[in-house]
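Q: I have a structure here, written as structure tokens, and I will follow up with some questions on it.
The values are calculated or read from the model by the stated rules, or taken from the named source; none is laboratory data. If you're wondering where the values come from, they're calculated on a predicted model, not measured in any experiment. Virtual Cβ from ideal backbone geometry, glycine too; neighbours counted across all protein chains shown. Surface areas here come from the heavy atoms of the whole protein model, side chains and all, with no ligands, DNA or RNA. Shrake-Rupley method; radii C 1.70, N 1.55, O 1.52, S 1.80 Å.
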Amino acid sequence: MPPDRRQSLPGKGAYIGGGVLTGVPLDSKLDHEEIFGPIAMLFKVADIDEAIRLANAIPFGLGSSVWTREPAEEARFIAGIEAGMTAVNQMLASATDSGTAFPAKRVDRGTS
């Protein structure tokens, strides 16, 4: 039996702990329905082109992140991804320094 990860919080309300899903079949409901909670899904792919195809097949796409040390992979991902915002080597924030929430094709580059 998995451990009980519920936590008590003061007052009324609910808390949902984070989770990571792996091995999700590409034809499952989880792959094509938005999950409202702190859940990440990880997929193993053969190369950057397969990663871009997989990411673009999902009906959402406000934000994306890519982690790489290869400038050519970075450029290929940025050119191919269909997302409102893309972060490179960092987590994506939901607002930019300028205060604009989701500018088209903005790219934030983290430090490597």
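Q: Only one of D27, D31, D47 is open to solvent by 60 Å² or more (accessible area, probe 1.4 Å) and either closer than 19 Å to M91 by Cα or modelled with pLDDT under 85 (or both); which?
A: Just one listed residue meets the conditions, D27.
Q: Follow-up question, since we're still on this one. Among the candidates G37, G19, G63, which residue alone is touching a residue at least 24 places away in the same chain (Cβ under 8 Å) and either among the acidic types (D, E) or open to solvent by less than 60 Å² (accessible area, probe 1.4 Å) (or both)?
A: G63
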